[in-house]
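K.L.:
Please find one structure pasted underneath; my questions will follow.
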Amino acid sequence: MLHARLDLMPETAPTLRSRLTIGKHSFQPLVAGALYWPEQDALLVADLHLEKGAALAARGMLLPPYDTRATLSRLGKLIEALDPQRVVALGDSFHRSECADRLVDDDFARLRSLQKGRDWFWICGNHDPHLPESVGGTVCGSLTIEGVVLRHEPSEEATGPEIVGHLHPIARISRRGTVVRRRCFASDGSRLVMPAFGAYTGGLNVMNEAFKPLFFWHQLEAWMMGRHAVYPVLGSLLLPD
């Protein structure tokens, strides 16, 4: 039941919209779990957690060491399709800061090739507060574009629109006797929490206490990822785990 296709359940949304609004700006949520900002020709991704498999293996938790390659491959397909002028990674791009210096040669070459010909920003996260120059691009604590603040963790004192990562939101609904649980973009129109993009990343239900201070709940929507589209689901339809 958990693997039922959300694509077959359009009644989860009052109207099928393809774009969401943060502040006065329009964004395109993508099935892959990234966000495209057309007016800025910018692609936003959060929580890549590159080299998580290697970091866990060093602690005795053996996993197949292919998460970095899988994540970069998915990101590469988006970049090839959209050819954005700007890419912003919203923190926890590496599972540990030191992992940035441990990419195998093929993965490092792939990453640098994705950066060619475009502006690339690494926003620092709680997992990777310090990144070496070798990663390329620009490393920063946060980034503001047209009044929209891009950072890793939600701010307790946000006074304007912001887009963040960190919490790995997941939404759960029940429709026609079928339960569906999917990664999602969680937003109330002022703040947007991005889903985790990385291959080895889990998720936290948006009904969890951690999300409660972040949104005006009567305006909350969870843009859930189906197989072929992203669907806006009213907050009133969401279920806890």
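K.L.:
Which order do you get for 178, 68 if you rank them by accessible area with a 1.4 Å probe, largest at the top?
P.N.:
Accessible-area ranking of 178, 68, largest first: 178, 68.
K.L.:
Next question. Give the residue list of trypsin sites (Lys or Arg not before Pro) in region 64-132 that are DSSP loop and have at most 13 other beta-carbon atoms within 10 angstrom.
P.N.:
Here the trypsin sites (Lys or Arg not before Pro) that fit, given the DSSP loop and packing criteria, are 116.
K.L.:
Indicate, rounded to the nearest 5 percent, the antiparallel portion of the DSSP beta bridges found entirely in region 123-241. Walk me through the intermediate numbers first.
P.N.:
Details: 20 of 28 bridges.
Around 70 percent of the beta bridges assigned by DSSP in region 123-241 are antiparallel ones.
K.L.:
Hey, can you find the accessible area per residue of region 51-187 for me, probe 1.4 Å, expressed in square angstrom?
P.N.:
Averaged over the residues of region 51-187, the accessible area is 49 Å².
K.L.:
In terms of solvent-accessible area of protein heavy atoms at a 1.4 angstrom probe, what is the ranking of 108, 27, highest value first?
P.N.:
Solvent-accessible surface, decreasing: 108, 27.
K.L.:
Helix 67-82 against the longest principal axis of the chain: what's the angle in degrees, Cα atoms only, rounded to the nearest 10?
P.N.:
Tilt relative to the chain: about 70 degrees.
K.L.:
A follow-up question, please. Any chance you could check the Cα centroid distance between region 77-142 and region 210-234 for me, in angstrom?
P.N.:
With region 77-142 and region 210-234 each reduced to a Cα centre, they are spaced 27 Å.
K.L.:
Something else: Which aspartates and glutamates, on any chain, are close to residue 212 with Cα under 18 Å apart, when same-chain ones fewer than 8 places away are left out?
P.N.:
Qualifying aspartates and glutamates at Cα under 18 Å: 153, 156, 157, 162, 188, 221, 241.
K.L.:
Provide the per-residue ³J(HN,Hα) series for region 92-97, in order, calculated from phi with Karplus coefficients 6.51, -1.76, 1.60 and θ = phi - 60°, each as a whole number of Hz, with x at glycine and proline positions.
P.N.:
6, 5, 10, 5, 9, 3
K.L.:
Let me ask something else about it. If I fit a long axis through the Cα atoms of helix 105-115 and take the longest principal axis of the Cα atoms of the chain, what angle between them do I get, 0 to 90°, rounded to 10?
P.N.:
60
K.L.:
Note down the relative contact order for region 177-241 as a percent, whole number, built from C-alpha pairs under 8 angstrom at least six residues apart.
P.N.:
Answer for region 177-241 is 34 percent.
K.L.:
Below 8 Å, C-alpha to C-alpha, sequence gap of six or more: please give me the relative contact order for region 43-201 in percent.
P.N.:
25
K.L.:
Go ahead and estimate [θ] at 222 nm for the chain from helices alone: -39,500 (n - 2.57) per DSSP H run with n ≥ 4, summed, over the residue count, rounded to 500.
P.N.:
Using -39500 (n - 2.57) per qualifying helix, the result is -4000 deg cm²/dmol.
K.L.:
Another question about this same structure. Can you work out the Karplus-derived ³J(HN,Hα) for every residue in region 160-172? Use 6.51 cos²θ - 1.76 cosθ + 1.60 with θ = phi - 60°, whole Hz, and x for glycine or proline.
P.N.:
Computed from phi, the couplings for region 160-172 are x, x, 9, 10, 9, x, 6, 9, 6, x, 9, 10, 9 Hz.
K.L.:
Quick one: what are the phi-derived ³J(HN,Hα) couplings along region 215-230, Karplus 6.51/-1.76/1.60 with θ = phi - 60°, whole Hz, x for glycine and proline?
P.N.:
10, 7, 5, 6, 10, 5, 10, 10, 8, 7, 8, x, 6, 10, 7, 10
K.L.:
Further, regarding this structure: Lys and Arg at +1, Asp and Glu at -1: add these up for the other residues within a Cβ distance under 15 Å of residue 211 and post the number.
P.N.:
Numbers: positive: 172, 183, 191, 212; negative: 153, 156, 162, 188, 209, 221, 241.
That works out to -3.
K.L.:
Could you grab the relative contact order for region 115-185? Cα pairs under 8 Å, six or more apart, rounded to a whole percent.
P.N.:
20
K.L.:
Using only protein heavy atoms and a 1.4 Å probe, report how much of residue 98 is accessible, in Å² to the nearest 10.
P.N.:
Its accessible surface works out to 90 Å², give or take rounding.
K.L.:
Here's another thing I want to ask about it. Give the accessible area for residue 241 in Å² (nearest 10); use a 1.4 Å probe, count only protein heavy atoms, and leave out ligands, DNA and RNA.
P.N.:
Residue 241 exposes around 110 Å² with every protein chain in place.
K.L.:
Match the structure shown to one of the listed values (i) 17.4, 58; (ii) 18.8, 62; (iii) 17.3, 52 of Rg and Dmax of the Cα atoms in Å, computed from it, and give that label.
P.N.:
Step by step, Rg and Dmax of the Cα atoms in Å for this structure corresponds to label (iii).
K.L.:
For residue 204, what accessible area in Å² do you get when you roll a 1.4 Å probe over the heavy atoms of the protein chains, rounding to the nearest 10?
P.N.:
50
K.L.:
Straight-line reach only, C-alpha to C-alpha below 18 angstrom: list the aspartates and glutamates that residue 116 could link to, leaving out same-chain residues fewer than 8 apart.
P.N.:
By straight Cα distance, residue 116 reaches 41, 80, 83, 105, 106, 107, 133.
K.L.:
May I ask you to rank 24, 212, 52 by accessible area, largest first, using a 1.4 Å probe over the protein chains only?
P.N.:
Largest accessible area first, the list is 24, 212, 52.
The values are calculated or read from the model by the stated rules, or taken from the named source; none is laboratory data. What you see is a predicted model; the values in this text were computed from it and never measured. With ideal geometry, Cβ positions are generated from the backbone for all residues, glycine too; neighbour counts draw on all protein chains shown. The accessibility values were calculated without ligands, DNA or RNA, using every heavy atom of the protein model including side chains. Shrake-Rupley method; radii C 1.70, N 1.55, O 1.52, S 1.80 Å.
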